[in-house]
Each structure stands twice: as C-alpha cells, then as structure tokens.
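The block underneath contains the structure these notes are about, expressed in structure tokens.
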Amino acid sequence: MTATEITNNGASLKIKIGAVVRNIMKSQIIEIDVVKTNIIKIDNGKGVLYNLFIPFADVTVPVTADPEALKDAINDMLATSNIAGNATEAKQIEEINKLNILNTSITQIQTSVSTLDSKIFFEPVLVDESNPNIIYKGFANPAANQQEPVWAIQKISNTGDVCSYQWADGNKNFDNIWRNRTDLSYS
C-alpha cells in the first residue's frame, strides 16, 4: 500500500502517490467514477491508458468513509466555487482594496526614499557670508524660491577658534524660508 493524497491545488488536483506528485488540471478532468467497487477512476478523456486509477484503501487524504464518499469529495474539489481565482464582484473589490493599500505604501516608500536622497548634501545652493563670524548655507533644489519653505539651512558660527555647526529647527528638513535665516532657531 502506497499512501495517496488528493488535494485541491487551485486550478488543478495535486495527487501525491508516495514521493511522486502529479498535478492534473481540473479543466482536463471529464469524470470521477468508482470502478470495481473500490477503485477511483479519474478520466481525462484521453482513453484508458491515460486515466488515473487510485485504490480507495491507499487514499489517506482526504479521509472518507467509502469509495463513493471519496468520489464525492473529489467532485467537490472540482466545483467551480473551489477553483482559485474564481472571479466575483466581492473578490474583485477586495483585490482592488489591496492594490490601493499597496499603492499607498509604495507612494510612502518613494517619499521616504526621496527625502533621504535629498538630505545627502553635496553643495549648498546659497551661501551668506555677510557676517564675519556666521555663515549660513542654504540647501534646496537649484530653482527654489527664497521665500518658500523649501530650505534646509545650516548656520556655522565662529567664536574664537571654535566653529559650531547647527541646523535651523535642529534638523535637516526642507521646511524653512531662506529669507528668514537670521531669525530662525538653530540647534
């Protein structure tokens, strides 16, 4: 006796006999029948040599009381409602909702990556050296307007031989106005 498992595998039946696994497309199955009182015949319409014959006693999955019950269980697996991907309006709405959630997540990831990329500073767009002890460096897109809150501003203070480097609002966020640089709080 070789243990046999018959499972619903979406669009196919997965039949595992010992270590051998076969997937039979449900669309190819013509009939499930009981022959010789205890043999399950899976007919694929290609003739006797291509049909699959499985002794009821060998089947461990699904567990059924008798060959007729096994035949019914296999037929239930073939039912349209058991085929994976069977489209219904409810399933389509569910999938659309999942896609919308995924789209929102992707947008959030893109924004985060874009923000990270923008915080890698190479050269400031503007530099104010009008005060000999303080230098302001403005980082933004090259076409940024000086009156819009799109600037990350660094303040470099020179006191004696010590230089301190601080950022407007204590961060490198692009949310300050360049024209207000002298009035901003730095840390």
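The values are calculated or read from the model by the stated rules, or taken from the named source; none is laboratory data. In this text the structure is predicted, and so the values were computed from the model without any measurement. Cβ: placed from backbone, ideal geometry, glycine included. Neighbour counts: every protein chain shown.
Can you say whether Leu13 is outside any helix (DSSP H, G or I), surrounded by 11 or more Cβ atoms within 10 Å (Cβ to Cβ) and at pLDDT 90 or above, as far as the supplied structure shows? Against the criterion (outside any helix (DSSP H, G or I), surrounded by 11 or more Cβ atoms within 10 Å (Cβ to Cβ) and at pLDDT 90 or above), Leu13 qualifies.
Checked against (1) in contact with an Asp or Glu (Cβ under 6 Å, 6 or more places away or on another chain); (2) without any contact (Cβ under 8 Å) to a residue 12 or more places away in the chain, Lys41 passes all but a single condition, namely (2).
Considering the stretch 170-187, and only residues there that are of a type in the set (Lys, Arg) and within 16 Å of Asn131 (Cβ to Cβ), the residue that is surrounded by the fewest Cβ atoms within 10 Å (Cβ to Cβ) turns out to be Arg179. Scanning the stretch 155-187 for residues that are more than 24 Å from Ser112 (Cα to Cα), assigned to a loop (DSSP other than H, G, I, E, B) and among the hydroxyl-bearing types (Ser, Thr, Tyr) yields one hit, Ser185.
Any residue at all in the stretch 33-44 that's part of a loop (DSSP other than H, G, I, E, B) and closer than 13 Å to Met77 by Cβ?
Here is the first cut: in the stretch 33-44, the ones part of a loop (DSSP other than H, G, I, E, B) are 36-38, 44.
When the remaining residues are screened for being closer than 13 Å to Met77 by Cβ, the result is none.
No, because not a single residue in the stretch 33-44 is part of a loop (DSSP other than H, G, I, E, B) and closer than 13 Å to Met77 by Cβ.
If a residue counts only when it is outside the structural domain of Thr37 (by TED's automatic domain parsing) and modelled with pLDDT under 95, which strands (runs of 3 or more DSSP E) contained entirely in the stretch 54-149 have at least 1 such residues? Can you show your working first?
On the way: elements: 59-61, 126-131, 134-139.
Output list reads 126-131, 134-139.
Restricting attention to the stretch 120-160, which residues are among the hydroxyl-bearing types (Ser, Thr, Tyr) and surrounded by 14 or more Cβ atoms within 10 Å (Cβ to Cβ)?
Restricting attention to the stretch 120-160, the residues satisfying the condition of being among the hydroxyl-bearing types (Ser, Thr, Tyr) are 130, 136, 157, 159.
Residues satisfying the conditions are Tyr136, Ser157.
Taking the numbered list (1) closer than 18 Å to Ser12 by Cα; (2) among the polar types (S, T, N, Q); (3) touching a helix residue (DSSP H, G or I) at 6+ places or on another chain (Cβ under 9 Å) in turn, Asn75 passes all entries but (3).
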